[in-house]
Amino acid sequence: MQRFSVTVVRVAGSCKEVAWHGDRGDGVRAFLVRLPSGARYWTVLDENLAVVGEADAFLRHLRFGRDCSELTTRSYAGAIALFLRWCARTGRDWHSGIEHLALFITWLRHAPAAASGIEAVPGSGGELLAGPGAAPVRGARRVNLVLTAVRGLVAHAVAAGTAPAGLVPLVYEVADQRDLPAEARGDDGRMAWRLRARHRLREPQAGVDRASDEDIVALLRACCSARDRLIVLLMARAGLRRGEVCGLRRSDVHLLPDSAALGCAVPRAHLHVVRRENPNGAWAKSRRQRPVPLDFLVVQAFDAYEFERMGVPQAAASDFVVVNLFREPAGAPMPPDAINALVAAASRRAGLARRVTPHQLRHAMASNLADSGAAIDEIAELIGHSSVSSTQIYVHPDPRRLRAAVERVGSPRDLAGRGR
């Protein structure tokens, strides 16, 4: 195999630097693209390192047309690469593959890395021979995420005129609104169409996978620095995503009782989550800026961290809040992946039975808000959900609250004595 470090490809008349990680091998794969402007997104290359044009156009549209994050394009590129590898290994072009999505779903659920990965070699035992009788290797949620990316590819290619319009009814049930109640139709009287995905697996109902309060306390005790404790608290007490933590600037943090002198009308201690292009790849998921109130624990953590940070002269010039203090390059903003490593290491040192993830800390914040009686719109605003439907999972009470609700109801004799 030939070793590559960087490959330069030409797409749509513009030169793009495409990062290659590892050895060249057969199969379609996702690649990271760095544009001359510094912006990055993920695309899909075939086994000859040629850009898959329809996939690249869709992924560029996601990143720059819809302002999605680099991480979103990475997820979609990996999903599309899976679909295109299946098409190639079953002797189909991708247009024909759309006609057989049910077969793709079966393959996706049951094909391990030996069959679905880049290095799988046809005829060497990597094919999927067992169907639904084998244990699934991918859950319903993962399969549905892949199907979402494939449907997006179809819709974009059809809209751009690079794929036949007949592909849309294969992935969506297309209907007009005439069969809807009058209250559900638009007021303008024009014909409207609605789409519903044809292929979707039922995802099992599960409770919120949150970090417990005991887990959070154990993590804080296991942190080796004031910076690390601040990071944990920003996720567990302010509900920030890891990309929002790493993209936080010092100018976004207002700890004064009154920030009017800074041009900010939000009272008391708070921070602002702002979407920006950051050199460390950090990204705020929500397009809308939001203020997040901070409690005294987070404010104290900021104070302790500021003293620690002052001991690293290289950090003085950086406007980023979370920077490297103990490794090179000192003062550089921490990348989001470093947050995962930090929390995983603290979990090990704390001796926790399971490894806590950054998103479980965020879930803990939202769940604690719901348990304390916060309204669903308040929770959605604080944790940055664009729709309250995404927040609905937090308002379902856990079994302990259900038990407490039952025990608050008195006996029939007591209720009868009160005239009920």
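Quick look at the numbers
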quantity	calculated
Whichever residue in region 70-96 is closer than 29 Å to ARG275 by Cα and charged (D, E, K, R) and, among such residues, is most open to solvent (accessible area, probe 1.4 Å)	ARG74
Of residues in region 300-317 being free of Cβ contacts under 8 Å to residues at least 60 places away in the same chain and open to solvent by less than 30 Å² (accessible area, probe 1.4 Å), the one nearest to the chain's Cα centre (by Cα)	ALA315
Members of region 335-359 found to be closer than 16 Å to CYS246 by Cα, crowded, with 20+ Cβ neighbours inside 10 Å and either of a type in the set (Asp, Glu) or over 18 Å from the mean Cα position of the chain (by Cα) (or both), listed by number	LEU342
Single match in ARG227, ARG221 (criterion: open to solvent by 40 Å² or more (accessible area, probe 1.4 Å), on the phi < 0 side of the Ramachandran plot and basic (Lys, Arg))	ARG221
Any chance PHE58 is modelled with pLDDT of 90 or more and within 18 Å of VAL150 (Cα to Cα)	yes
Those residues of region 385-420 which are among the charged types (D, E, K, R), at pLDDT below 70 and within 47 Å of the chain's Cα centre (by Cα), in sequence order	ASP398
Residue selected from region 244-263 under the condition touching a helix residue (DSSP H, G or I) at 6+ places or on another chain (Cβ under 7 Å) and either part of a helix (DSSP H, G or I) or among the basic types (Lys, Arg) (or both), by the criterion nearest to ALA338 (Cα to Cα)	CYS246
Complete set of residues in region 27-69 that are open to solvent by less than 30 Å² (accessible area, probe 1.4 Å) and under 15 Å from ASN278 (Cα atoms)	ALA39, TYR41, ARG63, CYS68, SER69
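The values are calculated or read from the model by the stated rules, or taken from the named source; none is laboratory data. Bear in mind that the values here come from a model prediction, so they are computed numbers and not experimental data. Cβ atoms come from the backbone with ideal geometry, glycine included; neighbour counts cover every protein chain shown. These accessible areas exclude ligands, DNA and RNA; they are computed on the full protein's heavy atoms, side chains included. Shrake-Rupley method; radii C 1.70, N 1.55, O 1.52, S 1.80 Å.
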